[in-house]
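The values are calculated or read from the model by the stated rules, or taken from the named source; none is laboratory data. None of the values given here were measured: they were computed from a predicted structure. Here Cβ is always computed from backbone atoms with ideal geometry, including for glycine, and neighbour counts include all displayed protein chains.
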Amino acid sequence: MRALAALLFLLLLGSVVPAIAADTVLALPKPGWDNPRKILLQLTSDEPRHVNNVLYNAINMQKFYGQDNVRVAIVAYAGGVRALLAAQSPVAERVASLRSYDVEFLACGNTLETIGRSAADLLPGVEVVTAGIAEIVERQLQGWHYIAP
């Protein structure tokens with residue numbers, strides 16, 4: 001009897017949950033090959049939980065929009081640059097994997113200078129910009145959506 005009651009409860013729950021969930025409505029113009037959404041994520045800490053959160057956000061954006069319908073860039077400055085240093089990055093393989101899916105990684109040149117490092121110290125494929133915050137401002141003016149996870 002308890003098993004039957006539990007089964008009925010699960011069936012009822014399954015019929016209620018879809019009614020509660022709502023799909024995200026895409027704004028016009030809808031994203032596409034010629035008009036991708038442009039998402040800019042900030043990476044400001046080398047704390048593993050923060051770094052992994054930012055990387056998961058990049059993956060989730062590509063899953064949601066489709067890889068061809070979104071451009072994702074991660075701008076690292078302050079402590080976030082340390083997560084992109086080849087000698088100490090705990091996420092080097094994930095960065096390489098995301099790079100293979102066209103996620104851009106940008107490191108702040110000001111931060112590199114402050115910590116006594118250079119572009120040569122970064123993971124392969126990570127680009128250096130003069131100033132991470134200025135890069136965020138300029139990309140926003142070019143239509144990028146700025147997310148600070």
Determine whether the range 107-125 contains at least one residue that is over 24 Å from TYR65 (Cβ atoms), among the β-branched types (Val, Ile, Thr) and touching a Ser or Thr at 6+ places or on another chain (Cβ under 7 Å).
-> no
Exactly one of (1) out of contact with any Gly (no Cβ under 7 Å at 6 or more places or on another chain); (2) free of Cβ contacts under 8 Å to residues at least 60 places away in the same chain; (3) of a type in the set (Lys, Arg) is unmet by ARG99. Its number?
-> (1)
Output for the range 115-140, where each listed residue is part of a loop (DSSP other than H, G, I, E, B) and either buried (at least 19 other Cβ atoms within 10 Å of the Cβ) or among the basic types (Lys, Arg) (or both) | ARG117, LEU123, VAL126
Given the conditions (1) without any contact (Cβ under 8 Å) to a residue 60 or more places away in the chain; (2) among the hydroxyl-bearing types (Ser, Thr, Tyr); (3) outside any loop (DSSP other than H, G, I, E, B), which single one is not true for TYR146?
-> (1)
Hey, any hits in the range 61-72 for a residue that's modelled with pLDDT under 95, among the polar types (S, T, N, Q) and over 27 Å from CYS108 (Cβ atoms)?
-> no
For residues that are among the polar types (S, T, N, Q) and exposed (fewer than 10 other Cβ atoms within 10 Å of the Cβ), scanning just the range 9-42, find the one that is modelled with the lowest pLDDT.
-> SER15
Taking the range 43-88 and keeping only residues that are among the aromatic types (Phe, Trp, Tyr) and crowded, with 20+ Cβ neighbours inside 10 Å, one is left with TYR77
Go through the range 89-114 residue by residue and tally those that are surrounded by 13 or more Cβ atoms within 10 Å (Cβ to Cβ) and more than 16 Å from the chain's Cα centre (by Cα).
-> 6
When the range 35-64 is examined, which residues are found to be in a loop (DSSP other than H, G, I, E, B) and of a type outside the set (Asp, Glu)?
-> PRO36, THR44, SER45
